[in-house]
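Here the structure is laid out as structure tokens; the discussion comes afterwards.
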Amino acid sequence: MTLLAVGSASALLAPAREVAAAAAPAGKPVSPIPPSPKMRAEIEKQKKNTAGQLKVIRDHVLPPGSPMAFEFRPLGRRRK
């Protein structure tokens, strides 16, 4: 929920960034608004969780001869 609220606030500030970019002299890039500490912490937490999930998936060993997860079978043409 916190990330959603912070993301919404960032979306509201987007027009302000465009105005600042238009007012900035040409050739100087406008620095983006740095993420808040809460947003940085949430991003790091999500990166950690994603890395953990990928580790579990990659470490899972399927036994030889295990059934396939799915099999693609094209459907026949439907007749009217």
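Of note:
- Hey, V6 at negative phi, modelled with pLDDT of 90 or more and in a helix (DSSP H, G or I) or not: no
- Positions within the range 20-64 being modelled with pLDDT under 70 and either exposed (fewer than 10 other Cβ atoms within 10 Å of the Cβ) or not in a helix (DSSP H, G or I) (or both), in sequence order: A22, A23, A24, P25, A26, G27, K28, P29, V30
The values are calculated or read from the model by the stated rules, or taken from the named source; none is laboratory data. The structure displayed is predicted, hence computed values, not measured ones. Note: ideal-geometry Cβ built from the backbone for every residue, glycine included; neighbour counts use all protein chains shown.
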